[in-house]
Amino acid sequence: METLIDWSRMQFAMTAIYHWLFVPLTIGLALIMAVMETIYVKTGKLFWRDTAKFWMKLFGINFAVGVATGLILEFEFGTNWSNYSFFVGDIFGAPLAIEGIVAFFMEATFVALMFFGWDKISKGAHLASTWLTGIGATISAWWILVANAWMQYPVGMKFNPDTVRNEMMSFIDVAFSPMAVTKFTHTVLSCWILGAVFVVGVAGWFLIKNRESKFALSSIKVAAVVGFVASILTIVTGDTSAKMVYKTQPMKLAAVEGLYDGGTDVGMVGFGIINPNKQPSDDQKSIYAELKIPYMLSWLATEDIHGFVPGINDILNGYTTPEGTTVLSAEEKMGKGRIAQQALSDYRVAKQANDKATMEQAKSILEENMPYFGYGYINDKTDLVPNVPLNFYAFRIMVILGGFFILLFIVLFLMSLRRKLEKQKWLHWIALLSIPLAYIAGQAGWIVAETGRQPWAIQDLMPVNAAVSDLAASDVKITFFIFLALFAVLLIAELRILCKAIKKGPKFSE
Amino acid sequence: MDYTFFQNYWWFLVSLLGGLLVFLLFVQGGNALIMFLGKSDTERTMMVNSTGRKWEFTFTTLVTFGGAFFASFPLFYSTSFGGAYWLWMLILFTFVLQAVSYEFRNKAGNLLGKNTYHIFLTINGLLGPLLLGAAVATFFTGSGFHIAKENVVNLANPIISSWDSAWHGLEELIGCCGQPASNWWNYVLGLAVMFLAQILGLLYYINNIDNEEFIKKCRKALKIETVLFLIFFLTFLVRTLLATGYAVDTQTLDTQTHEPTIYTLPYKYLHNFLEMPTVTVIFLVGVLAVLAGILLTIFKKGFKKGIWFSGIGTVLTVLGLLLCVGYNNTAYYPSTSDMQSSLTLANSCSSLFTLKVMSAVSLLIPFVLLYIFFAWRALDKKKITSQEMEGDGAKY
């Protein structure tokens, strides 16, 4: 039977997944239509204005649902993760507030000008509004990813036993954490890819239907450049992300690779079939029919083909790196976590009794063991292992699709340069069928990011079962189904409206 | 500038955002009247397009209000949102209904038909302000909850904020299940906010829509709405002034929590108004401006600027009320079942460092308000007409 934690996680996952159906298109399409409008302003050709307007119409249909679900996500931190909100609210609340003040207002203000300002403001002011809408959306992505990155790699804070919470020590460390930078670049580039795939896919449909070929070819030209640049750059950001995960969340990397026993000279599994029954420390094979790229994982993680990469068993049982660094076993960490928690209890009792000496002593024990605080909540060390099959497959889906998009955009870009695009029906079909793939790739990436860090709500500090609100499972179950029903209806409506608007096509004034 | 200064500063900002949010609920108030006031399709289209060019401001202010509260008073965020779960979830649900309805209502293939989206807008228009008002009323009436920070290391049950009622917020609306009758007062403020939102919606239509026949109907409706608003608003105000409030004694530490003791004090909110003349002036000027906007619109022929008087008045009134419930050693989120668990500015706020960082960020707010002002003016320069709605340009 599902517990409160399960339903709370499901509700959050559903809202986040649903939100992520709309946001990438908002960010990706914003860039493409801003480029198109810029061409219009530069050349004065009404064709480009009308082309931009068509994509803006689709942008508008998509935009509102993204905004609406974003509201729910923000409030769900409080409604469903009350303990979490208190325990780290001192740090975590700031990026959300800044997102509102700096980004959302920009987006909200200029999106209204963009839609309704065509005859009310000057050409230049309108162009600025279009760019600012996209910039607002992108800045908003920055701050929400700062918040997400902080959960994965908590920095810039210190635990305060008097207030029983983590408190911010350095805003710069939080706002510009390397994890945030990596997440932002990788995520925004993935949005540009999705926007570009959407545009070439829809344009491909027009070409298949032999409609609006000038519009379709021109749209592909712009989108292919954006998609090409973005997909090449994701190789770099993907690589940085992997290194970041290796450094900060080795368990996630091991799960993604289905790697139980690590070591040096580790290859990367290109593809294979994961054994769902495999448990840590048993003798079963973890991956069947694996296709391995020798040395690749070591090189990807450490920039050295002989580099050491720990596996799930190593992390659970503790290990020593070739450089001689000893990493504690899960049980040792759990022990230290309990010591930290006991020290906090002792500190609070001593504080009640105004026993300064005991307070000092407890505080120093607490500080020493604080990095393992969250392990005190873990009862069984295997709870520290995330869902391996899910991460393994989701990661491969993301990477393989990412590779496919690079190829797609290289072909589209070259064909477009040589003006050979119009006749390639097969390519139009591939472009059209790629639209759902871009969504799948983005979702798969988030599945790795979020399920790969389980059981942690905040890495090493608080597992999800200590983060949840004091609710009955049935409460969350009911809201889950209410929102599921609402989201399903809205998604169907949205898709129908989108398809109708595409079928109607652009309207040209000249 | 010490810790107290920054706590007060952030309470001021949160209160100001609350005031701006209630002002911007004119979007909801206007939408609540779509089915009742808009008799023809053109009228409804004018109404939806009028509020539709502003809905994102309301939405964004709601999000920012939540974010700012989270950043500055995280214990409130974790206690109220996790505790009064259903109340907040209902609010969110109605706002989601609203957000999509503008864009979807008039589009081919919208699945549910135009009327359903009008119903969605109406539901949000009525329930949004009502529930937000009820949520704010609990600042005065209290809720049943316990806070035990030590529990974070209680491995069997690591719950910091626990809510008494298994109804999780519904008890704030339904005065049953052994809950104190004071919950009924939540409705009174809820209804006052709902009618105020409709007044503001009408005033905005009068300002924004250029259609004599329709405006005539708005002016007529305004009179009824004003009477209803005044009944509920004044009832709540009198109740508040006479009510026993929750005060903080900073001199005496509670034996259990070692924090300043919270105790009940008769006429606490009345005392607050008397002891803080600036807050009283803000509040009174606000109420007068709300009334001035309404009365000028009703009695002065051709007067269309009522929304600005009443809008600014609303911001000030709400600001005054929230300052009254937060300042002057008052527990702004009282617990009716465990008084020492009540939230005060000092016991629920972020660390000094975070408040300082956020204060630096808050310096951007005037800049944000400035560009909103210019964008708003640019969009509203041309009023909405039936011709525009029947024309070819961008519209919902």
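The values are calculated or read from the model by the stated rules, or taken from the named source; none is laboratory data. Fair warning: this is a prediction, and the values are worked out from it, not measured in the lab. Because the Cβ atoms are built from the backbone with ideal geometry, glycine has one as well, and the counts that use them run over all protein chains shown. Just so you know, the surface numbers come from the protein's heavy atoms only, side chains and all, with ligands and any DNA or RNA stripped out. Shrake-Rupley method; radii C 1.70, N 1.55, O 1.52, S 1.80 Å.
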Out of all the residues in segment A:244-258, which are among the charged types (D, E, K, R) and open to solvent by 30 Å² or more (accessible area, probe 1.4 Å)? A:K247
Read through the list (1) facing chain B (nearest Cβ under 8 Å); (2) within 29 Å of A:K243 (Cα to Cα); (3) in a helix (DSSP H, G or I), then give the number of the only condition that A:W142 fails. (1)
For the subset of segment B:65-100 comprising residues that are in contact (Cβ under 8 Å) with a residue 24 or more places away in the chain and hydroxyl-bearing (S, T, Y), which member is nearest to the other protein chains (Cβ to nearest Cβ)? B:S78
Does segment A:413-433 hold any residues that are open to solvent by less than 50 Å² (accessible area, probe 1.4 Å), at pLDDT below 95 and assigned to a helix (DSSP H, G or I), and which are they? A:M415, A:S416
Checked against (1) loosely packed, with under 15 Cβ neighbours inside 10 Å; (2) free of Cβ contacts under 8 Å to residues at least 40 places away in the same chain; (3) not in a loop (DSSP other than H, G, I, E, B), A:I232 satisfies every condition except (2)
Taking segment A:266-305 on its own, how many of its residues are within 20 Å of A:S241 (Cα to Cα) and either open to solvent by less than 70 Å² (accessible area, probe 1.4 Å) or part of a loop (DSSP other than H, G, I, E, B) (or both)? 15
Residues being under 22 Å from the mean Cα position of the chain (by Cα) and within 11 Å of B:A394 (Cα to Cα) - total across segment A:101-120: 0
Residue in segment A:99-114 that is at the interface with another protein chain (Cβ under 7 Å from one of its Cβ atoms) and farther than 22 Å from B:L379 by Cβ present: yes
Which condition number in (1) more than 14 Å from chain B (Cβ to nearest Cβ); (2) at pLDDT 95 or above is the one that A:V464 fails? (1)
With the structure loaded, tell me whether B:A375 is in contact with a Phe, Trp or Tyr (Cβ under 9 Å, 6 or more places away or on another chain), part of a helix (DSSP H, G or I) and crowded, with 16+ Cβ neighbours inside 10 Å or whether it fails that test. yes
Considering every residue within segment B:275-296, establish whether at least one is open to solvent by 60 Å² or more (accessible area, probe 1.4 Å) and within 14 Å of chain A (Cβ to nearest Cβ). no
Which residues, counting only those in segment B:208-236, are without any contact (Cβ under 8 Å) to a residue 40 or more places away in the chain, open to solvent by 30 Å² or more (accessible area, probe 1.4 Å), of a type outside the set (K, R) and farther than 12 Å from B:M46 by Cβ? B:E212, B:I224, B:V227, B:L228, B:L230, B:I231, B:L234
Can you report the number of residues in segment A:189-241 which are within 19 Å of A:A137 (Cβ to Cβ) and of a type in the set (A, V, I, L, M, F, W, C)? 15
Verdict on A:K356 being closer than 22 Å to A:V164 by Cα, surrounded by 15 or more Cβ atoms within 10 Å (Cβ to Cβ) and of a type in the set (K, R): no
A careful count of residues in segment A:115-127 that are of a type outside the set (K, R), within 11 Å of chain B (Cβ to nearest Cβ) and open to solvent by 20 Å² or more (accessible area, probe 1.4 Å) gives 6
Exactly one of B:F81, B:F23, B:F73, B:F95 is open to solvent by 10 Å² or more (accessible area, probe 1.4 Å), of a type outside the set (V, I, T) and either more than 15 Å from the chain's Cα centre (by Cα) or at pLDDT 95 or above (or both), and that one is B:F23
Condition met for B:S359 (polar (S, T, N, Q), within 13 Å of chain A (Cβ to nearest Cβ) and surrounded by fewer than 19 Cβ atoms within 10 Å (Cβ to Cβ)): yes
Does segment A:62-70 include one or more residues that are over 19 Å from the mean Cα position of the chain (by Cα) and surrounded by 24 or more Cβ atoms within 10 Å (Cβ to Cβ)? yes
Among A:K42, A:K53, A:K57, the single one that is part of a helix (DSSP H, G or I), surrounded by fewer than 24 Cβ atoms within 10 Å (Cβ to Cβ) and free of Cβ contacts under 8 Å to residues at least 60 places away in the same chain is A:K42
In the set A:R348, A:R338, which member is within 14 Å of chain B (Cβ to nearest Cβ), open to solvent by 10 Å² or more (accessible area, probe 1.4 Å) and in contact with a Pro (Cβ under 8 Å, 6 or more places away or on another chain)? A:R348
Does segment A:79-93 contain any residue that is open to solvent by 10 Å² or more (accessible area, probe 1.4 Å) and more than 7 Å from every other protein chain (Cβ to nearest Cβ)? yes
